[in-house]
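Below is one structure; the comments refer to it alone.
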């Protein structure tokens, strides 16, 4: 009887280690009862933006008022079709506020230990937003769509990272 109790206590002690070792994201959460896609879906704003650990939020706040809407693409016949709407305003180099809106299918790559997606926020006409291309959030059509790795995903936050050559971009999105 004593052996069974010790074995049961040992088994119960192992459960938290097993659960907490299963996190897909470096910065948590360790346990979630919502699927990855249900946590991704939502309307986000950038609350932190850095390049090589240098905060560029003051620049972002001065010129950009953009929201990011991650959603199920209901125009498709599959529950695996996702889309991204990026909309808002950008102040151009002449201090004129210009509208910006783009929507597209969202490509998401699930691997066993990470989740990545591609953003295609093209500035089709660079004369509309002169001096306001901001890599990797906004790119020109001749550039390859940047890949973002999700490093933290909670019910209200999504942290993403993009690495390009020797530059590391970290972006925190919040609903």
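The values are calculated or read from the model by the stated rules, or taken from the named source; none is laboratory data. For clarity, every value in this text was computed on a predicted model and none was experimentally measured. So basically every Cβ, Gly included, is an ideal-geometry build from the backbone, and we count neighbours across all protein chains shown.
Table for the structure above
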| quantity | calculated |
| --- | --- |
| Selection within region 136-158 - assigned to a strand (DSSP E or B) and surrounded by 18 or more Cβ atoms within 10 Å (Cβ to Cβ) | 139, 148, 150, 151, 153, 157, 158 |
| Where residue 81 falls short, out of the listed (1) loosely packed, with under 13 Cβ neighbours inside 10 Å; (2) within 26 Å of residue 159 (Cβ to Cβ); (3) modelled with pLDDT under 80 | (1) |
| Filter result for the condition that a residue is touching a residue at least 40 places away in the same chain (Cβ under 8 Å) and under 13 Å from the mean Cα position of the chain (by Cα), over 172, 162 | 172 |
| For residue 167: the one exception among (1) buried (at least 17 other Cβ atoms within 10 Å of the Cβ); (2) at pLDDT 90 or above | (1) |
| Whichever residue in region 59-78 is more than 20 Å from residue 48 (Cβ to Cβ) and touching a strand residue (DSSP E or B) at 6+ places or on another chain (Cβ under 7 Å) and, among such residues, is modelled with the lowest pLDDT | 73 |
